[in-house]
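Okay, so here's the structure we're looking at.
Read-outs throughout are calculated quantities, based only on the coordinates presented, and are distinct from any laboratory measurement. Being a predicted model, the structure only gives us computed values, none of them experimental. Because the Cβ atoms are built from the backbone with ideal geometry, glycine has one as well, and the counts that use them run over all protein chains shown.
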Amino acid sequence: MSLTPALELKGVRKVYDVAGQEVVALDHADLVVGADEIVVLVGPSGSGKTTLCSIAGALLSASEGTVIVDGNDITSFNAKQLTTFRRNKVGFVFQTVNLVPFLTARENLLVVDELAGRSGNRKAALKRADQLLGELGLADRRNNLPSQLSGGQRQRVAIGRSLMNNPGLVMFDEPTSALDSKTGEHVVDLIHHEMKERGTAAIIVTHDTRITKFADRTVRIDDGVVST
Amino acid sequence: MNITLREMRRSWGRFVLLAGSVTLLAFLILFQQAIQDGLITAFIGAIRNQNAPVLVYSLEGQRTPQASFLSPQQVKDISSVPGVGITARVQQSTYSVKVAGSDVDDASVIGTADPRLFFPRQLSQGRSPSAPDEAIGSSDFNLGDVVEIIPSPRGTPMSVKVVGIAENVRLYVTATLFTDIDTSTRIAQAYNPNTPAGLTNVVALIPDKGLDADELTESINSSVDDVDALTREQAAATAPGVAQVVQSFQVIFLLYALVVPLVTGLFFLILTLQKAQALTLLRAMGAQPSFLARSLLIQAAVVLIAGISIAVLLFLPLSQGGLGGLLSFNGRTVATWSAVLMTLGLASTAASLRMVLRIDPIKATAPGIEI
């Protein structure tokens, strides 16, 4: 297991310009997530949860502060570098859209490899995709399109996809919001199991307080201020 | 198979529809282009496909051989212009003719004083005339046909024998017979005994070695009064009616050439909007904008190549003798149109490309993605 923290945010600030007005989404946030730690990030709507996740997941640049993901300082990365970084180093499960509708479950995992230009080692990618889908209980659904899967199955495929590039950190943005409570609980249990088995760190953004029992730590965010 | 082609395979219906539209439009363009070429060839094939690089008409002849009359002095003056090499007097008249076993029809008789000038450049069958009353016929005739010239009431019957056949040498949509000038004079006088000998409608000529045909026409026009010297290409392109036909077809081609990119552009624009969420997800997963742009261009290219190829394959058999030989397969024309349609089709994806290149991956975190 690596001793390098999966995420280090030091004094991170994110300011948006909304119609000429400065809106502070993240206010000097400090956060360290251990290499295999599962952190649940809770807070009201508009508190800055998704912004924090987006900065940690290399989707967004911070206005101030330092962002280190899996030992890589990405603070000053440009858009192209951020794109390459998130392709290779982070996983993301989004709130709503997680799968490419015209690709099967298996192809949704393989596309991660294709984007990284690793198509040359197709056999290894196929093996890994099938292994992930098997672990997620989707071996018999690998050739189904997203439209042929239930909400829970789709979310499980998304988890598989987020793990396909062996990330050091995976972000889950409201992973249960579109699921019924029973399926939601099952999905979070699965996330916990998969992360712990791989020693991968995770940040789970949620409103659902029942999820906190699966976390190593709960972090609260209010008006962009992180309180651990 | 990569993501680009997998999408096409899974959504084959919509891509087939677009390729079908491209096929239809490309086929119509090729078909109309062939009709235009066929019509123009039927109008002025005899001028375009004859062997004299320069033709001189009388000014009042309005670039029509039959309406042009050159005086002996003008013929002499033309021959004396510096740079003029070989010259030949040319006569042209239209008669009613009859071949045994068929109906009376019209035919142009073109007589030349020198077979090196104003004879078809290429024969598809037979040989050039070597004796009086022999002729090269357009493809309306068969080798060995004896063509009877129907005389006027005061005239006497006369016949010529077709000893050679040339393709695409009709004149003003009538069959054509190429003879030596003595034969054409005899035909004219047999038809109407009052026809004077020595009439010249056109002077055909070859410039001296090293002299450009364009330069020579300018030189003739400036030094000989009331004549209109033209290169072979000018004489064909500016013959009465040709420019109008070309202009009418150009309007049609312009419309088609606008419809192809419009259809392709709108298709990919709608497709891009429809799959905005998937594209945003791919960007969030680490797809560079150039990857998505390349994917879009590959899809457009595949559809256009398929559509144009099918159109060419449909047109190919039709052009082999379709519409009584009016349609012909011109490889250069087909290649040019294919290139034009490909270029316009790919250019039409510019709006979609712009949209794809501007996708912000952060929107993957927001429900109800729009781009």
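Some notes on this structure:
- The mean number of partner chain beta-carbon atoms within 10 angstrom of a residue's beta-carbon across peptide B:275-281 is 5.
- Cα-based helix-to-principal-axis angle, B:213-223 vs chain B, degrees rounded to 10: 50 degrees
- Residue-span extension gain [B:Ser71 to B:Val16] - 0.36 nm each, minus C-alpha spacing: 13.3 nm
- For the segment B:285-293, counting C-beta atoms of other chains within 10 Å of every residue's C-beta and taking the mean gives 6.
- Cα long-axis angle, helix A:79-89 against chain A (0 to 90 degrees, to the nearest 10): 50 degrees
- Rounded FRET efficiency, nearest 0.05, which uses the C-beta distance separating B:Gln122 from B:Lys209 and R0 of 30 Å: 0.85
- Label zone at A:Lys80, where the point sits 7 Å out along the Cα-to-Cβ direction: segment B:297-320 residues whose backbone N lies under 17 Å: none
- Lys/Arg +1, Asp/Glu -1 at C-beta; segment A:1-126 dipole; positive extreme among A:Leu60, A:Asn88, A:Phe77: A:Asn88
- Distance-filtered residues of segment B:142-175 - backbone nitrogen under 14 Å, label point 7 angstrom along B:Ser130 Cα→Cβ: B:163-164
- With a 10 Å cut-off around each Cβ of A:98-104, the average count of Cβ atoms from other chains is 6.
- Between B:Arg332 and B:Glu218, the contour length at 0.36 nm per residue exceeds the alpha carbon distance by 38.0 nm.
- Protection proxy ranking of B:17-25, A:18-26 - average other beta-carbon atoms within 10 Å, highest first: B:17-25, A:18-26
- In range of the label at B:Ile252: residues from segment B:22-65 whose backbone nitrogen is under 19 Å from the point 7 Å along Cα→Cβ: B:22-45
- On full extension, the segment bounded by B:Asp182 and B:Gln62 gains 40.6 nm, given 0.36 nm per residue less the C-alpha separation.
- Dividing the summed -39500 (n - 2.57) terms of all DSSP H runs of n ≥ 4 by the residue count of the protein assembly as shown sets its mean residue ellipticity at 222 nm at -14000 deg cm²/dmol.
- Put the Cα centre of segment B:63-139 next to the Cα centre of segment A:1-41 and the gap is 92 Å.
- Sites B:Leu313 and B:Ala366, calculated FRET efficiency, Cβ-Cβ separation with R0 51 Å, nearest 0.05: 0.60
- Overall Cα dimensions of segment B:201-322 - principal axes, largest extent first, Å: 78, 35, 25
- Local net charge near B:Ala350, Cβ-Cβ under 15 Å (Lys/Arg +1, Asp/Glu -1): +3
- The order of the peptides B:184-195, B:328-339 by mean Cβ neighbours within 10 Å, most packed first, is B:184-195, B:328-339.
- Under the convention that each Lys and Arg Cβ holds +1 and each Asp and Glu Cβ holds -1, the size of the dipole of segment B:47-233 around its Cα centre is about 420 debye.
- For q = 0.14 Å⁻¹, Debye-computed log10 I/I(0) when each Cα of chain A counts as one equal scatterer: -0.86
- Using only alpha carbons, segment B:47-233 has a radius of gyration to Kirkwood radius ratio (Rg to Rh) of 0.98.
- Degrees between helix A:105-115 axis and first principal axis of chain A (Cα, 0 to 90, nearest 10): 60 degrees
- Each DSSP beta bridge with both residues in segment B:66-183 is either parallel or antiparallel, and the antiparallel ones are about 65%.
- Backbone geometry of segment A:207-216 corresponds, through the Karplus equation with coefficients 6.51, -1.76 and 1.60 at θ = phi - 60°, to 3J(HN,Hα) couplings of 9, 7, 5, 5, 6, 4, 5, 8, 9, 7 Hz, x marking Gly and Pro.
- Segment B:245-300 and segment A:71-149 have their alpha-carbon centroids 27 Å apart.
- Using a Förster distance of 22 Å, the FRET efficiency for A:Asp17-B:Ala350 (Cβ separation, nearest 0.05): 0.15
- Top of A:Arg161, A:Arg142, A:Arg198 by mean-square fluctuation, Gaussian network on chain A, Cα under 10 Å: A:Arg198
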